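Participant: Provided herewith is a single structure, encoded as structure tokens, for subsequent inquiry.
The values are calculated or read from the model by the stated rules, or taken from the named source; none is laboratory data. These numbers come from a predicted model, not from an experiment. Backbone-built Cβ (ideal geometry, glycine too); neighbour counts: all protein chains shown. SASA here: full protein model, heavy atoms, side chains in, ligands and nucleic acids out. Shrake-Rupley method; radii C 1.70, N 1.55, O 1.52, S 1.80 Å.
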Amino acid sequence: EIFQVISIGGSITRIALMKKRGKQLDLIGQKERKQPVFHTKEDFLSFIDRDIDEKVAAIAINFAYPLEPVLINGLLDGIFLYGTKEHEFRGLAEKHIGKEIEMHIGNTQKRSVKVSVANDTICLLLSGLIKYQKDELVCFVLGTGYNAAFFLDDQTAINLEAGNFNKFPFLDTTKIIDKTSAKPGVNVFEKEIAGGYLFQHFNLLARKKHLLFPPLSSTADLDAIARNGKKETALAQNILSHAAELVACQIAGIAQFKKRNLICVAEGSLFWNGWNFKEHVELTVKKLAPGYSISFTHIEHSPLIGAAQLIV
């Protein structure tokens with residue numbers, strides 16, 4: 001049976017048709033679409049409705065927002081908790097994501113589908129099983145937002161909601177960004193390190209330092225400044241280096257908690273493409289956890305392959 005996989009992230013949605021052939025998952029087709037800010041439940045359901053194939057009866061959703069997992073008739077679903085990365089999803093709080101999609105498709109397309117949903121870090125963790133053992137696997141997503149996950153034991157996958165870590169003093173700029181965000185006090189760690197916010201730190205600091213520089217609109221702009229060799233470069237590099245060091249703190253902490261070497265499956269443009277970001281994380285992890293070998297890897301199509309594990 002051909003089924004559909006949809007990965008809903010911070011800024012890009014990935015959609016594919018897939019089919020299982022033995023132990024192999026065949027990617028039949030794939031496309032990407034820029035994702036708007038979801039202010040309401042209706043925004044979200046209308047957006048996702050556009051890409052659901054009329055022929056499929058099973059859909060797996062990789063959902064990059066906080067969920068409480070729940071099993072319904074043998075399928076994993078998630079109760080929506082709260083929005084992050086400036087997505088509010090008003091009207092979706094405490095609702096079952098999969099069930100809401102099933103009802104929406106029933107109303108708009110007049111047919112029945114089965115939908116399974118998991119958080120994006122759980123899907124990323126599951127994608128690692130095609131190559132690695134559970135006890136050595138850790139994963140994290142660092143792009144627009146941030147989160148991490150690992151297997152606590154052979155039967156238990158833990159979504160850390162790592163972007164919500166708050167047991168350390170935040171930067172003054174983080175406090176300002178948090179105060180003016182859609183969800184003050186929520187995912188504050190993410191607001192100090194993730195791509196959806198780093199450029200805002202630059203804007204605030206540039207204004208404080210009286211730099212005559214137009215406000216940035218994205219962390220891609222910040223990355224370009226970190227590479228351009230001009231007077232603003234040092235400020236941009238310091239912001240990116242600070243974020244990389246905080247990410248390394250969490251990875252090193254996980255290694256010390258698990259007391260073993262780790263393979264980190266990483267996803268996200270900031271980690272892989274940001275100025276000196278991956279290299280700075282690796283160097284800092286070695287300083288913080290010198291007794292463990294920690295490597296970083298990428299799995300092609302991991303958001304889709306991981307979500308597919310929910311229903312194959």
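Participant: Could you list, ordered by first residue, the pairs with Cβ atoms under 9 Å in which the first is in region 241-258 and within 16 Å of Phe277 (Cβ to Cβ) and the second is assigned to a helix (DSSP H, G or I) and among the aromatic types (Phe, Trp, Tyr), at least 6 apart or interchain?
Facilitator: Ser241/Phe277; Ala243/Phe277; Ala244/Phe271; Ala244/Phe277; Leu246/Phe189; Val247/Phe271; Val247/Phe277; Gln250/Phe189
Participant: Now, a different point. Working only within region 50-74, note down all residues that are over 16 Å from Ala157 (Cβ atoms) and assigned to a strand (DSSP E or B).
Facilitator: Across region 50-74, the qualifying residues are Ala58, Ile59, Ile61, Ile72.
Participant: Looking only at helices (runs of 4 or more DSSP H) that fall completely inside region 187-251, which ones have 1 or more residues that are under 14 Å from Leu171 (Cβ atoms)? First the steps, then the outcome.
Facilitator: Working: elements: 188-193, 198-208, 219-227.
Counting at least 1 such residues, we get 188-193, 198-208.
Participant: Do we find that Gln30 is part of a strand (DSSP E or B) and either out of contact with any strand residue (DSSP E or B) (no Cβ under 8 Å at 6 or more places or on another chain) or within 21 Å of Gln109 (Cβ to Cβ) (or both) in this structure? Outline the logic, then answer.
Facilitator: Numbers: part of a strand (DSSP E or B): yes; either out of contact with any strand residue (DSSP E or B) (no Cβ under 8 Å at 6 or more places or on another chain) or within 21 Å of Gln109 (Cβ to Cβ) (or both): no.
Answer is no for this residue.
Participant: Tell me the residue from Leu204, Leu160, Leu222 that is open to solvent by less than 80 Å² (accessible area, probe 1.4 Å), under 23 Å from Glu279 (Cβ atoms) and among the aliphatic types (A, V, I, L, M), please. Quick ask: steps written out before the conclusion?
Facilitator: Numbers: Leu204 fails: under 23 Å from Glu279 (Cβ atoms); Leu160 fails: under 23 Å from Glu279 (Cβ atoms).
Exactly one residue qualifies, and that residue is Leu222.
Participant: Going through region 115-141 one residue at a time, which ones are without any contact (Cβ under 8 Å) to a residue 60 or more places away in the chain and either of a type in the set (Gly, Ala, Ser) or out of contact with any Gly (no Cβ under 6 Å at 6 or more places or on another chain) (or both)? Let's see the steps before the verdict.
Facilitator: Of region 115-141, the ones without any contact (Cβ under 8 Å) to a residue 60 or more places away in the chain are 115, 119, 121, 133-134.
The answer is Asn119, Thr121, Gln133, Lys134.
Let's see how each residue does on (1) within 16 Å of Ala308 (Cβ to Cβ); (2) open to solvent by 40 Å² or more (accessible area, probe 1.4 Å); (3) not aliphatic (A, V, I, L, M):
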| site | (1), (2), (3) |
| --- | --- |
| Ile2 | yes, yes, no |
| Ile6 | yes, no, no |
| Lys23 | yes, yes, yes |
| Gln30 | yes, yes, yes |
| Lys41 | no, no, yes |
| Arg50 | no, yes, yes |
| Ile59 | yes, no, no |
| Phe63 | yes, no, yes |
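Participant: From the set of residues in region 225-259 that are basic (Lys, Arg) and modelled with pLDDT of 95 or more, which is surrounded by the most Cβ atoms within 10 Å (Cβ to Cβ)?
Facilitator: Here is the first cut: in region 225-259, the ones basic (Lys, Arg) are 227, 230-231, 258-259.
Now narrow it down to the ones that are modelled with pLDDT of 95 or more: 227, 258-259.
Details: Arg227: 12, Lys258: 16, Lys259: 8.
Once the filter is applied, the top-ranked residue is Lys258.
Participant: Inspect all residues belonging to region 41-49 and state whether any of them is in a strand (DSSP E or B) and under 30 Å from Ser217 (Cα atoms).
Facilitator: First, pick out the residues of region 41-49 that are in a strand (DSSP E or B): none.
So far as region 41-49 goes, no, none of its residues is in a strand (DSSP E or B) and under 30 Å from Ser217 (Cα atoms).
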